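Colleague: Structure below; questions to follow.
The values are calculated or read from the model by the stated rules, or taken from the named source; none is laboratory data. Model, not experiment: these values are computed from the prediction. Cβ: placed from backbone, ideal geometry, glycine included. Neighbour counts: every protein chain shown. What goes into the accessible areas is simple: the full protein's heavy atoms, side chains included, and nothing from ligands, DNA or RNA. Shrake-Rupley method; radii C 1.70, N 1.55, O 1.52, S 1.80 Å.
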Amino acid sequence: MSKIMALASVGGTASMMPTGARSHPGTAVHCEIRPLSSCDGIVEEWADLAARAIEPNPFLDPGFALAAAQHLVSFRDVALMLLWQGEAARQPRRLIGLVPFRRRQRLFAAEALDEFADPRLFNGTPLIDSTFVAPALSALLRAWRREAGPTAGLTFPAVDPAGPFATALIRIARRHGFAADWQDIGLPGPRLADSAGPRGARTALEAQGTLRLEEPSTLAGRRDAVEILLALEASGQRGQTGRATLQDIREAAFLRSMSRNLSRQKLCRIALLMLDEKPIAAALTLGRAPSRWLYLAAGDDGLAPARPLALLLAMMRKAAPARSIRLAGGLPIFEAVSGGFGTLRLNHRRAGTPADLAARIRRRIGQSLFRPRPAAHGG
């Protein structure tokens, strides 16, 4: 059990504050660490927090994260730090923060929490209640110190440097003795202001038939469109090299489950580019307008010179001019830009002093040498 477990229940279902209930600014914040796979009992509170977070993040919505825990091996040892306003014994209470970490078994030390990063998480920003940013982040930093040591660093991968979360965290972290450092900040991908490319692609394709954009609005329609996307991807170069989603049973199950879950909350949309009655490109986006993430896309390789995928994204942009499409990397696709996210590292200002290094060594030795041993059994 975690050293900073503030609540009694770890895997059970508790009665929490109903959605929309009033909160009490002066109430203390309590931290609970719970395995991600055991968080299905707090879906209502979790979804409520996701809807009022200071920075929306569909990749930490329960519809995405719980599907990942169910189907993907890399999410099996993920734990969530849950920040509750109010004590478990006094209902109701409010979830005001949710931060993913990875549990790590160390050879010569007790189990610890480390930062969690996964290539599927294009946005790693934790969910923090927009009304209680300072109390939630202060509680997070205090809990991390108790868990990882008084001068341990803390990393947040895939965070927007200009976003409200990073701005607030850096300000509050300074008060707690941390210095912030940015690493691996991506650069925006090319924005193609010249529309000659899409016009040329459209002209070439219209010579072969009628083009139209389809964005299914029903759950059944989106489910069928997901299967079309998977088939398009598998029939192209990714399928030929064994990297298509359909060629990995777990990835395919996750994508189907995740897209179905998020579609119910209008956090997932899929668009198809049709040439007569044939789908020639498909794109799956996550998040709410005006900004969505392009999670998976594929085009007909037989029509590659006409760039059907680039045309699909351009038509999506034209159909909703206020909508922007973000990419995890700077792919040169029409009307799409890179997220430009980076890794935010918080380092304690005292972490390099001789006294601190000695304290850390003593702590590690104590954890590794004085753990309880199982009782010996007689022969």
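Colleague: Does Ala306 satisfy the criteria of being touching a Leu at 6+ places or on another chain (Cβ under 8 Å) and more than 28 Å from Asp61 (Cα to Cα)?
Modeller: So Ala306 passes the test.
Colleague: Same structure again: Is it fair to say Pro332 is in a loop (DSSP other than H, G, I, E, B), open to solvent by 50 Å² or more (accessible area, probe 1.4 Å), under 27 Å from Asp61 (Cα atoms) and at pLDDT below 95?
Modeller: Spelling it out, it is not the case that Pro332 is in a loop (DSSP other than H, G, I, E, B), open to solvent by 50 Å² or more (accessible area, probe 1.4 Å), under 27 Å from Asp61 (Cα atoms) and at pLDDT below 95.
Colleague: Follow-up. State the number of residues belonging to segment 25-51 that are under 18 Å from Leu140 (Cα atoms) and assigned to a loop (DSSP other than H, G, I, E, B).
Modeller: So the count comes out to 4.
Colleague: Scan segment 253-289 residue by residue and report those that are under 18 Å from the mean Cα position of the chain (by Cα) and not in a helix (DSSP H, G or I).
Modeller: Within segment 253-289, Gln265, Lys266, Leu267, Cys268, Arg269, Leu284, Thr285, Leu286, Gly287, Arg288, Ala289 qualify.
Colleague: Say whether the condition of being under 24 Å from Ala68 (Cα atoms) and in a loop (DSSP other than H, G, I, E, B) is met by at least one residue in segment 219-230.
Modeller: Among the residues of segment 219-230, not one is under 24 Å from Ala68 (Cα atoms) and in a loop (DSSP other than H, G, I, E, B), which makes the answer no.
Colleague: Please indicate, with yes or no, whether at least one residue in segment 81-89 is modelled with pLDDT under 70 and more than 19 Å from Arg146 (Cβ to Cβ).
Modeller: yes
Colleague: Being open to solvent by 30 Å² or more (accessible area, probe 1.4 Å) and closer than 25 Å to Met258 by Cα is the requirement here; does Phe116 meet it?
Modeller: For Phe116, the condition - open to solvent by 30 Å² or more (accessible area, probe 1.4 Å) and closer than 25 Å to Met258 by Cα - is not met.
Colleague: Within segment 155-171, does at least one residue satisfy the condition of being more than 17 Å from the chain's Cα centre (by Cα), in a strand (DSSP E or B) and crowded, with 16+ Cβ neighbours inside 10 Å?
Modeller: Scanning segment 155-171 turns up no residue that is more than 17 Å from the chain's Cα centre (by Cα), in a strand (DSSP E or B) and crowded, with 16+ Cβ neighbours inside 10 Å.
Colleague: Taking the condition assigned to a helix (DSSP H, G or I) and touching a residue at least 24 places away in the same chain (Cβ under 8 Å), does Arg174 pass?
Modeller: No: the conditions fail for Arg174.
Colleague: State whether the residues of segment 309-329 include one that is at pLDDT below 80 and buried (at least 16 other Cβ atoms within 10 Å of the Cβ).
Modeller: The answer is yes; a qualifying residue exists.
Colleague: So which residues in segment 236-269 are open to solvent by less than 60 Å² (accessible area, probe 1.4 Å) and either acidic (Asp, Glu) or free of Cβ contacts under 8 Å to residues at least 24 places away in the same chain (or both)?
Modeller: Within segment 236-269, Gly239, Gly242, Ala244, Glu251, Ala252 qualify.
Colleague: Checking the conditions here, which among Leu267, Leu246 is under 22 Å from Asp118 (Cβ atoms) and touching a Pro at 6+ places or on another chain (Cβ under 6 Å)?
Modeller: Answer to the selection: Leu267.
Colleague: Sticking with this one: Take segment 295-308 and flag every residue that is surrounded by fewer than 21 Cβ atoms within 10 Å (Cβ to Cβ) and under 16 Å from Glu215 (Cα atoms).
Modeller: Leu296
Colleague: Within segment 175-216, restricting attention to residues that are open to solvent by 90 Å² or more (accessible area, probe 1.4 Å), farther than 24 Å from Asn123 by Cβ and of a type in the set (Lys, Arg), which residue is modelled with the highest pLDDT?
Modeller: Result: Arg175.
Colleague: Further, regarding this structure: With respect to the numbered conditions (1) at pLDDT 95 or above; (2) farther than 17 Å from Glu233 by Cα, which one is the sole condition not fulfilled by Ala271?
Modeller: Checking Ala271 against (1) at pLDDT 95 or above; (2) farther than 17 Å from Glu233 by Cα, the one that fails is (2).
Colleague: Here are the criteria: (1) in a helix (DSSP H, G or I); (2) within 19 Å of Ile128 (Cα to Cα). Tell me which single one Ala67 does not satisfy.
Modeller: (2)
Colleague: Do we have Pro290 as over 22 Å from Arg199 (Cα atoms), at pLDDT below 95, open to solvent by 50 Å² or more (accessible area, probe 1.4 Å) and out of contact with any Phe, Trp or Tyr (no Cβ under 8 Å at 6 or more places or on another chain) here?
Modeller: Answer is yes for this residue.
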